[in-house]
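Colleague: Sharing a structure here in structure tokens format.
The values are calculated or read from the model by the stated rules, or taken from the named source; none is laboratory data. Remember, it's a predicted structure, so these values are computed and weren't measured experimentally. FYI the Cβ positions are ideal-geometry reconstructions off the backbone, even for glycines, and counts take in every protein chain you see.
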Amino acid sequence: QFPRQCATVESLRSGMCCPDYFPVFGPGTDRCGVSTGRGRCVQVTVDWRPHGPQYIHDGRDDREQWPIRFFNQTCRCSGNFSGYNCGSCRPGWSGPTCSQRINIVRRNLLDLNAEERRRFVNALHQAKVTIHPDIVIATRRREEIFGPDGNTPQFENISIYNYFVWAHYYSVRKTFLGTGQQSFGGVDFSHEGPAFVTWHRYHLLQLERDMQNMLQDPTFGLPYWNFATGQNTCDICLDDLMGARSNFDVSLISQNSIFSQWRVLCESIEDYETLGTICNSTEGGPIRRNPAGNVARPMVQRLPEPEDVAQCLEVGVFDTPPFYSNSTDSFRNTVEGYSDPSGKYDPAVRSLHNLAHLFLNGTGGQTHLSPNDPIFVLLHTFTDAVFDEWLRRYSADTSTYPLENAPIGHNRQYNMVPFWPPVTNNEMFVTAPENLGYSYEVEWPGRALRVTEMITIAIVTALVLVAIIFAAAACIVRVKKNKDELHQPLLTDQYQHYSDDYDGIATPSQSVV
Ligand SMILES: O=C1C=c2cc(C(=O)O)[nH]c2=CC1=O
């Protein structure tokens, strides 16, 4: 959430978070790399447009008008420079002056060879155990951020992967309304609204970037899991990938996989909600996963079908009022999985992204915990690939993204919570290869025909066949007639001839030679 340099009493009191890029003459001398033209420290811009009716507690949540409750000044970087101090490049650019274009390819996990699989699993594990070099997390609400003595900022270090988990938790946490009062759950800054696709896109980009830096490999790309297999098994739950099922406990991961050793963050949700605290970097129990094992909900014992993806990509409107989880004919609500794959909203339905989560039936199926299971990364890269294909097919323009009245956090110009530096939903509503420097190696399924389409095609085919038969028959008749006409004058001539010259009785064979 915030750069380590800004997690201080002074920074919080001043509201300024503009770290030096290169402190030539001591701290505060090169804010945002100003001396080399990288950027400047400016007033934060926030979204003040009205949000939808779901959130009724304005003024009570630190995430409102993000990030103004914490900081009102931030770096604005020039050109292709980016990052909390303008020390890095915008996605899609690299090099010392950020002037070289790059393209990262995100591939199907199942297409990786043995060595690539090993490297990817190791990279995830390294991210799980490596402290984030730049970012720290707040473990208290703004009201209590200076600690019990008023002078001890309540921030913690966190690993790269756990920051990925924590950011998701922070975006979905309930609004604390006071001790003894129920926390308010009608709020979600990353789901059930148009920002679902943009928020998760940035979430992945940030992990990919952090892992590239950690590995010192700017070409590292996150793979994807094509979850639309229609099967009732998890095809990536193998020991050389995301871990097979344990032989000893159906809801655990096999000990042959490093992921069986991973421990889960943000488990104590009831404590956070009743005490008004925030998840910290303390880990708890193991990842739980029991794919297709939810016997109480047979509907979530299967994965989506390839046809569901094809149908979802036919929904041409990005989002529809009320821009929420009950929107109908909305591409966003369809890919998120609250509508059926054709776009029709149905409260009983779970499809695509939601269905893939629920199929995992464990840590990966609970919103406040789901990124703890590394399958989350792959499930979301695939969801992002569908979003990118939709942007490409419809040449989508940001004007189709709602500017106001979306649920809180979901308006076009809202800074996505809790990312730093501030980044709007708008900035992620662009095609990835041209604007964000990555692309997917994927083939999209063709759509099967609907019954009405099949009937139409059958009728048209039958009509064409009948027309061909008629045309052929007419042709034969004409040819025959022409043949007859060709013979006719000969006969007439002959008859005329005979009638002119012949004076006796002719036999038929004589007259038609
Ligand atoms: O982690 C998630 C878990 C989810 C469960 C549902 C549901 O439809 O019930 N949706 C989810 C989204 C998640 O991100």
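Colleague: Does any residue in segment 359-370 that is under 16 Å from Cys237 (Cβ atoms) come within less than 6 Å, Cβ to Cβ, of a residue that is more than 7 Å from the ligand (Cβ to nearest atom) and of a type in the set (Ser, Thr, Tyr) six or more places away or on a different chain, and which pairs are these?
Modeller: Listed by first residue and then by second, the contacts come to Gly362/Ser251.
Colleague: Considering only segment 7-19, how many residues are under 18 Å from Thr45 (Cα atoms), outside any loop (DSSP other than H, G, I, E, B) and of a type outside the set (Gly, Ala, Ser)?
Modeller: 3
Colleague: Looking only at segment 318-345, which residues are farther than 22 Å from Thr367 by Cβ, touching a residue at least 40 places away in the same chain (Cβ under 8 Å) and either within 16 Å of the ligand (Cβ to nearest atom) or more than 16 Å from the chain's Cα centre (by Cα) (or both)?
Modeller: Initial filter on segment 318-345 (farther than 22 Å from Thr367 by Cβ): 318, 320-321, 328-329, 342-344.
Next, from what is left, pick out any that are touching a residue at least 40 places away in the same chain (Cβ under 8 Å): 318, 321.
Answer for segment 318-345, where residues must be farther than 22 Å from Thr367 by Cβ, touching a residue at least 40 places away in the same chain (Cβ under 8 Å) and either within 16 Å of the ligand (Cβ to nearest atom) or more than 16 Å from the chain's Cα centre (by Cα) (or both): just Pro321.
Colleague: Taking Thr383 and the conditions (1) closer than 21 Å to Cys266 by Cα; (2) buried (at least 21 other Cβ atoms within 10 Å of the Cβ); (3) within 13 Å of the ligand (Cβ to nearest atom), which numbered condition does it fall short on, given that it satisfies the others?
Modeller: (1)
Colleague: Whether any residue in segment 413-434 is within 30 Å of Pro19 (Cβ to Cβ), touching a Ser or Thr at 6+ places or on another chain (Cβ under 6 Å), within 16 Å of the ligand (Cβ to nearest atom) and touching a residue at least 12 places away in the same chain (Cβ under 8 Å) is what I want to check.
Modeller: Yes, because at least one residue in segment 413-434 is within 30 Å of Pro19 (Cβ to Cβ), touching a Ser or Thr at 6+ places or on another chain (Cβ under 6 Å), within 16 Å of the ligand (Cβ to nearest atom) and touching a residue at least 12 places away in the same chain (Cβ under 8 Å).
Colleague: Also, quick follow-up: If a residue must be without any contact (Cβ under 8 Å) to a residue 60 or more places away in the chain, charged (D, E, K, R) and not in a strand (DSSP E or B), how many such residues does segment 220-252 contain?
Modeller: Counting residues in segment 220-252 that are without any contact (Cβ under 8 Å) to a residue 60 or more places away in the chain, charged (D, E, K, R) and not in a strand (DSSP E or B) gives 2.
Colleague: Quick one: in segment 361-380, of everything that is more than 7 Å from the ligand (Cβ to nearest atom), over 22 Å from Tyr440 (Cβ atoms) and in a helix (DSSP H, G or I), which residue is farthest from the chain's Cα centre (by Cα)?
Modeller: Thr363
Colleague: Right, next: Do we have any residue at all in segment 346-356 that's part of a loop (DSSP other than H, G, I, E, B), at negative phi, among the β-branched types (Val, Ile, Thr) and near the ligand (Cβ under 10 Å from one of its atoms)? Break it down into steps so the answer makes sense when it comes.
Modeller: Of segment 346-356, the ones part of a loop (DSSP other than H, G, I, E, B) are 346-351.
Of the ones still in play, those that are also at negative phi are 346-351.
From the residues that got through so far, the ones that are among the β-branched types (Val, Ile, Thr) too are 349.
From the residues that got through so far, the ones that are near the ligand (Cβ under 10 Å from one of its atoms) too are 349.
Checked segment 346-356: at least one residue is part of a loop (DSSP other than H, G, I, E, B), at negative phi, among the β-branched types (Val, Ile, Thr) and near the ligand (Cβ under 10 Å from one of its atoms).
Colleague: Of these, Ile137, Ile160, which one is out of contact with any Cys (no Cβ under 9 Å at 6 or more places or on another chain) and crowded, with 18+ Cβ neighbours inside 10 Å? Give the steps one after another, and end with the answer.
Modeller: Numbers: Ile137 fails: out of contact with any Cys (no Cβ under 9 Å at 6 or more places or on another chain).
The conditions single out Ile160.
Colleague: Among Glu283, Glu192, Glu267, which is the only one that is away from the ligand (no atom under 16 Å from the Cβ) and within 25 Å of Gln1 (Cα to Cα)? Don't jump to the end; show me each part of the working.
Modeller: On the way: Glu192 fails: away from the ligand (no atom under 16 Å from the Cβ); Glu267 fails: away from the ligand (no atom under 16 Å from the Cβ).
Unique residue meeting the criteria: Glu283.
Colleague: Could you tell me which numbered condition Asp240 fails, if it satisfies all but one of (1) closer than 21 Å to His125 by Cβ; (2) crowded, with 16+ Cβ neighbours inside 10 Å?
Modeller: It fails just one condition, (2).
Colleague: Among the residues of segment 59-70, are any part of a loop (DSSP other than H, G, I, E, B), within 32 Å of the chain's Cα centre (by Cα) and either farther than 25 Å from Trp166 by Cα or at pLDDT below 95 (or both)?
Modeller: Initial filter on segment 59-70 (part of a loop (DSSP other than H, G, I, E, B)): 59-70.
After this cut, where a residue has to be within 32 Å of the chain's Cα centre (by Cα) as well, the list is 59-70.
Then keep just the ones that are either farther than 25 Å from Trp166 by Cα or at pLDDT below 95 (or both); that gives none.
Checking segment 59-70: not a single residue is part of a loop (DSSP other than H, G, I, E, B), within 32 Å of the chain's Cα centre (by Cα) and either farther than 25 Å from Trp166 by Cα or at pLDDT below 95 (or both).
Colleague: Just to be sure, is Glu389 within 15 Å of the ligand (Cβ to nearest atom) and not hydrophobic (A, V, I, L, M, F, W, C)? Can you show your working first?
Modeller: On the way: within 15 Å of the ligand (Cβ to nearest atom): no; not hydrophobic (A, V, I, L, M, F, W, C): yes.
No; evaluated as a whole, the condition is false for this residue.
Colleague: Just to be sure, is Cys41 within 27 Å of Glu156 (Cβ to Cβ) and not basic (Lys, Arg)? Working first, answer last.
Modeller: On the way: within 27 Å of Glu156 (Cβ to Cβ): yes; not basic (Lys, Arg): yes.
The answer is yes for Cys41.
Colleague: Could you grab me the full set of residues in segment 1-37 that are small (Gly, Ala, Ser) and under 26 Å from Trp166 (Cβ atoms)? Steps first, please.
Modeller: In the first step, residues of segment 1-37 are kept if they are small (Gly, Ala, Ser); the result is 7, 11, 14-15, 26, 28, 33, 35, 37.
Those that are small (Gly, Ala, Ser) and under 26 Å from Trp166 (Cβ atoms): Ala7, Ser11, Ser14, Gly15.
Colleague: Looking at segment 262-277, which of the residues that are under 28 Å from the mean Cα position of the chain (by Cα) and farther than 16 Å from Tyr170 by Cβ is surrounded by the most Cβ atoms within 10 Å (Cβ to Cβ)?
Modeller: It comes out as Trp262.
Colleague: Moving on. For the subset of segment 147-169 comprising residues that are under 15 Å from Ala7 (Cβ atoms) and among the aromatic types (Phe, Trp, Tyr), which member is nearest to the ligand (Cβ to nearest atom)? Quick ask: steps written out before the conclusion?
Modeller: Initial filter on segment 147-169 (under 15 Å from Ala7 (Cβ atoms)): 147, 151-158, 163, 166.
In the following step, the residues that additionally are among the aromatic types (Phe, Trp, Tyr) were identified as 155, 163, 166.
Working: Phe155: 26, Tyr163: 17, Trp166: 14 Å.
Result: Trp166.
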